[in-house]
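Below is one structure; the comments refer to it alone.
Bear in mind these aren't lab numbers, they're just calculated from the coordinates by the rules spelled out. Note that this is a predicted model, so its numbers are computed, not measured.
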Amino acid sequence: MSHDESTPETPAPAPTPEDRRDAVRAKAKQVQQRQSRTRLIQRVSLATVIVAVVAAVAVVITWTVSSNASRPMAQPANVSEDGFVVTNVTGVGSVGAEPTTADDEEAAEEEDTDADGGDDSSAAAMTAEAEPVETETPEPGVVDIRIYVDYLSSGAKDFQVANVQQLQKWVSEDAATLSYYPVAMLTAKSNGTKYSLRAASAAACMAHHSPDDFFKFNDTLLKQQPELDTEGYSDIELADLAQASGADDPQTVRDCIVEEKFAAWAKSATDRALDGIPDTDDISLTGTPMVLVNGTPYVGALDDGAEFAQFVLTVSSDAYYEAAPTPTPTPTPTP
C-alpha cells in the first residue's frame, strides 16, 4: 500500500507592527491624494465660474454704456440756451402791484395789528393806502431779463417774492422778455436727495409739456421752497405741486417728474452756465439767483423790488439812448 505524502502549506507570517503602520500610512496617503484632487477640481470650477460671471458683468456694463452713449440725452422743448421764456404770466398774484420790500412787509404787519383795535375811519384810510402803486414802465424797447434760479436758494426765493408782480406787469405790457434758467448748484445741500437737481428737472418737465403753466409752477417752487439741508419734496410731491399749478395733461407731466426725465439735462445746463453765460462779457454763473438785464448783472438787494425796478429802468434808458440815432448837424450856409 502506498501513501501520498504532501508538504503542508506554510502559514503567512503575521504582520508586524511596522507593516501595519506602513499600511496605515499608505492608506492615509491615498485619502490625502484623493482630497487634494477634489480640492483642485473645486478650485478650478470656482475660478471658471468667477471668470464667467465677470465676463458676463463686463458684457452687460459695456452694453449699457454703449447704449447710453448712443442714446441722446433727453432735452426739453421750448428751451433757448438752457432757459425757458415765460409765455403766460397769469395765475400768480395780481399784475401791476407795487414792489414790496422787507420793510414794507413789517410795516404792513404793524398796520394790521393797529387795525385790530382801530375805528372804521382808520381802517378805511389803511385800505386807501394799501392800493397798489403801478411801477414805471421801462423806456421804449423791450428789456431782456434772465434769471438763473436754484430752487433751494433762499436768495432766489427773496427775489421772486419781491419782484414777481412787477415782472408780470412788464411782460404783460410787452416791455420786457422774461426767462428763467433752472440750475442745480445746491444739489449736495439736501441730505442726499439731490433736491436742486430734481426740482430743476421738474421745472423742465412743466416747461416741456405745459409751457403756459411754467411761470406759476416756477413761482410755487420758489415761494414754497424747502429749508436748506433738508430732504426737500419727493418726486411725487413735486408732481402734486405741478398738478396744482394747472399742468396740461397732468399724468404726462407727473410721469416726466417722477422719472426725473430731464435731470441729466439740468446738470449739463448748470455746467454750461458755470463755464460761461451766452451773450455776456465773459460772465459765468457764480451763485443763484443771478439776474441779468440786457446782459448786465444785477448786484443790488435781492429783497428790494424798488431797487431792482430802478436798475431795470436805468439799463433800459441807457439802451434806449444808445440806440437813438444821433442827429446829423445841419450844414451852415457859406456867405
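Across the range 244-253, in residue order, what do the Karplus-derived ³J(HN,Hα) couplings come to in whole Hz, using 6.51 cos²θ - 1.76 cosθ + 1.60 with θ = phi - 60° and x for Gly and Pro?
5, 7, x, 4, 5, 6, x, 5, 5, 5
In terms of modelled amide H atoms, which long-range or inter-chain residues lie less than 5 Å from the amide H of T177?
Sorted by chain and number, the residues that satisfy this are V143, D144, I145.
Using modelled amide H (1.01 Å from N, peptide plane; none on Pro or chain starts), what sits under 5 Å from the amide H of T296, excluding residues fewer than 5 places away?
Here nothing satisfies the definition.
Using θ = phi - 60° and the Karplus relation 6.51 cos²θ - 1.76 cosθ + 1.60, list the HN-Hα couplings for the range 184-194 in order, rounded to whole Hz, with x at every Gly or Pro.
My calculation for the range 184-194 gives 10, 9, 10, 4, 7, 9, 9, 6, x, 8, 6 Hz in order.
Provide the gained length on full extension for the span R39 to D255, in nm with one decimal, where the gain is 0.36 nm per separating residue minus the Cα-Cα distance.
72.3 nm
Full extension from Q243 to D282: what is 0.36 nm times the residue separation minus their Cα-Cα distance, to one decimal in nm?
10.2 nm
Quick one: check the C-alpha center-to-center distance for the range 186-202 versus the range 258-311, whole angstrom.
One Cα centre to the other: 17 Å.
Taking the alpha-carbon distance from K189 and a cut-off under 17 Å, which lysines remain once sequence neighbours fewer than 8 residues away in the same chain are dropped?
Partners found: K157, K267.
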